[in-house]
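The values are calculated or read from the model by the stated rules, or taken from the named source; none is laboratory data. What you see is a predicted model; the values in this text were computed from it and never measured. Here the Cβ positions follow ideal geometry from the backbone for every residue, glycine too, while neighbour counts run over all protein chains shown.
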Amino acid sequence: MKTIELIEYLKKQETIQNAQIVRIGILPNDGLIIPGFPEALMSFDEDTFTIYTFDGLLKLTYEGQKYAFNFSEIKEIELGKYNFKDRYLKLTFKDDRYIAFSYHLKDKKYPEQAPLFEAFMHKLESLAN
């Protein structure tokens, strides 16, 4: 499913309007938060970010799987690459649980991806100051 279709589908299922939403990919991890490696969308505001996960291979479905986090709970931020080109972000929280996800700055069918993800990264940078 394309990013715009996922966002429209999510908006029909959830009461989110005018949210800043980007597409991410959950990486398999032992962070004890999100099982597996589903397709995902992330919305964020000044204080929190929420990850919505979709199940399936060809026809993705959303069944209310969402995970909300406070920026204030982040203890450590790790940026990196895997497979020599794919970028990932790992956020470790104060209770030592973490999430790791891949991201792309460009999505040719969703031009808002780059500026919105850069805004999310700017929010993370502000936590370091």
(request) Could you please find all residues in region 70-104 being outside any strand (DSSP E or B) and either at positive phi or exposed (fewer than 13 other Cβ atoms within 10 Å of the Cβ) (or both)? (result) Ser72, Asn83, Phe84, Lys85, Lys94, Asp95, Asp96
(message) Which pairs turn up if I take residues in region 41-62 that are without any contact (Cβ under 8 Å) to a residue 12 or more places away in the chain and look for partners that are assigned to a strand (DSSP E or B) and not acidic (Asp, Glu) with beta carbon separation below 8 Å, at least 6 apart in sequence or on another chain?
(response) Thr61/Phe54
(request) Pairs only if they're at least six apart or on different chains, beta carbon under 8 angstrom, first in region 1-19 and part of a helix (DSSP H, G or I), second surrounded by fewer than 14 Cβ atoms within 10 Å (Cβ to Cβ) and of a type outside the set (Ser, Thr, Tyr); list them, first residue then second. (result) Thr3/Lys109; Ile4/Lys109; Lys11/Gln17; Gln13/Gly64
(message) Give all pairs with beta carbons closer than 6 Å in which a residue from region 65-85 that is closer than 25 Å to Leu10 by Cβ meets a residue that is aromatic (Phe, Trp, Tyr) and surrounded by 14 or more Cβ atoms within 10 Å (Cβ to Cβ); count only pairs at least 6 apart in sequence or on separate chains.
(response) Lys66/Tyr52; Phe69/Phe49; Glu73/Phe93
(request) Search region 35-61 for residues being in a strand (DSSP E or B) and among the charged types (D, E, K, R), and hand back the single one that is surrounded by the fewest Cβ atoms within 10 Å (Cβ to Cβ). (result) Asp55
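Which is within 14 Å of the chain's Cα centre (by Cα), of a type outside the set (Val, Ile, Thr) and at pLDDT 95 or above, of Phe54, Phe37, Phe69, Phe101? Can you show your working first?
Values: Phe54 fails: at pLDDT 95 or above; Phe37 fails: at pLDDT 95 or above; Phe101 fails: at pLDDT 95 or above.
Exactly one of Phe54, Phe37, Phe69, Phe101 is within 14 Å of the chain's Cα centre (by Cα), of a type outside the set (Val, Ile, Thr) and at pLDDT 95 or above, namely Phe69.
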(request) Collect the residues in region 51-97 that are of a type in the set (Phe, Trp, Tyr) and touching a helix residue (DSSP H, G or I) at 6+ places or on another chain (Cβ under 9 Å), keeping them in residue-number order. (result) Tyr52, Phe54, Tyr62, Phe71, Phe93
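Among the residues of region 72-88, what is the count of those that are closer than 17 Å to Phe37 by Cα and either among the charged types (D, E, K, R) or modelled with pLDDT of 90 or more (or both)? Steps first, please.
As a first pass, look at region 72-88 and keep what is closer than 17 Å to Phe37 by Cα: 81-83, 86-88.
Still in the running and either among the charged types (D, E, K, R) or modelled with pLDDT of 90 or more (or both): 81, 86-88.
Count: 4.
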(request) Take the residues in region 20-31 that are in a loop (DSSP other than H, G, I, E, B) and touching a residue at least 60 places away in the same chain (Cβ under 8 Å), then tell me which one is farthest from Pro111 (Cα to Cα). (result) Gly31
(message) I'd like the residue in region 7-34 that is at pLDDT 90 or above, surrounded by 16 or more Cβ atoms within 10 Å (Cβ to Cβ) and over 13 Å from the mean Cα position of the chain (by Cα) and, out of all such residues, is nearest to Ile99 (Cα to Cα).
(response) Leu10
